[in-house]
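Read the structure below first, then the notes.
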Amino acid sequence: MIRRLLYRYVFKRTSTYVLGIVVTSMFFERTYDYLCESIFQWINDGRLWIHIKHQYENPPLVENVENKELSPGLKDNSKKKVSIEK
């Protein structure tokens, strides 16, 4: 029954056969790529830029002890600075 339907609607004409191959290969390629990318990220967890970029994007707020100002990051190393934890 299934063989007859497959032959009649897919394998009988070359155009539908080629279309079936193209669609199947497209879905296989997408699935294989997703699987390989997931395994790669699982093996390299914590070492990739997407895992550590939050540490470097926004510098911590630093209080200037002499002027009592809040500034993002260390701009002037000549003055004593103290980190503020959130």
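Bear in mind these aren't lab numbers, they're just calculated from the coordinates by the rules spelled out. In this text the structure is predicted, and so the values were computed from the model without any measurement. Cβ sites come from the backbone with ideal geometry, for glycine too, and all protein chains shown count toward neighbours.
Quick look at the values:
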item: Rg to Rh quotient for the stretch 1-53, alpha carbon positions, Kirkwood Rh; result: 1.37
item: Whole-Å distance, taken between Cα centres, linking the stretch 15-31 and the stretch 36-57; result: 31
item: The stretch 14-36 residues near the modelled I50 label - backbone nitrogen below 14 Å, point 7 Å along Cα→Cβ; result: 33-36
